[in-house]
1. Modelled with pLDDT of 95 or more and of a type in the set (Gly, Ala, Ser): does that describe Ala30?
2. Cβ-Cβ under 7 Å, sequence separation 6+ or interchain: first residue in the stretch 31-48 and of a type outside the set (Lys, Arg), partner outside any helix (DSSP H, G or I) and surrounded by fewer than 20 Cβ atoms within 10 Å (Cβ to Cβ). Which pairs?
3. Within the stretch 65-85, work out how many residues are more than 9 Å from the chain's Cα centre (by Cα), within 16 Å of Asp17 (Cβ to Cβ) and without any contact (Cβ under 8 Å) to a residue 60 or more places away in the chain.
4. Mind checking which residues of the stretch 36-51 are under 14 Å from Ala7 (Cα atoms) and small (Gly, Ala, Ser)?
Amino acid sequence: MSFRSKAAARAQTLRIDLSSGNVGGLRSLAHDLHGMAGTFGFDRLGAHAQLLEEATITHVHINDDIGQKATALADALDDLAKETH
């Protein structure tokens, strides 16, 4: 499967980690997405992933900042998934 075709599943994983308070899961996925987005040239997605990754480094609990950044990244992934159809 391609990076684009997995985008919707990754967005769902972000939302599940966010709703369950899994900061480590958010950080891990953001880190992976930041690297992959750069590799495949998805600059907007990479920027959102970097912001979320940085926000989760210093926090052990979900706060509004992390919530907003995770939602923005999930929305960007959804947009990417829609572009494939």
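1. Numbers: modelled with pLDDT of 95 or more: yes; of a type in the set (Gly, Ala, Ser): yes.
Taking the combined requirement at face value, the residue satisfies it.
2. Matching pairs, first to second residue: Met36/Phe3; Phe40/Phe3.
3. Here is the first cut: in the stretch 65-85, the ones more than 9 Å from the chain's Cα centre (by Cα) are 65-68, 78-85.
Filter once more, keeping what is within 16 Å of Asp17 (Cβ to Cβ): 65-68, 78.
Cutting the leftovers down to without any contact (Cβ under 8 Å) to a residue 60 or more places away in the chain gives us 65-68.
Summing the residues that are more than 9 Å from the chain's Cα centre (by Cα), within 16 Å of Asp17 (Cβ to Cβ) and without any contact (Cβ under 8 Å) to a residue 60 or more places away in the chain in the stretch 65-85 gives 4.
4. Correct list: Ala37, Gly46, Ala49.
The values are calculated or read from the model by the stated rules, or taken from the named source; none is laboratory data. Only a predicted model underlies this, so the values are computations on that prediction, with no experimental measurement involved. Neighbour counts are summed over all protein chains in view; Cβ atoms, including those assigned to glycine, are modelled from backbone coordinates with ideal geometry.
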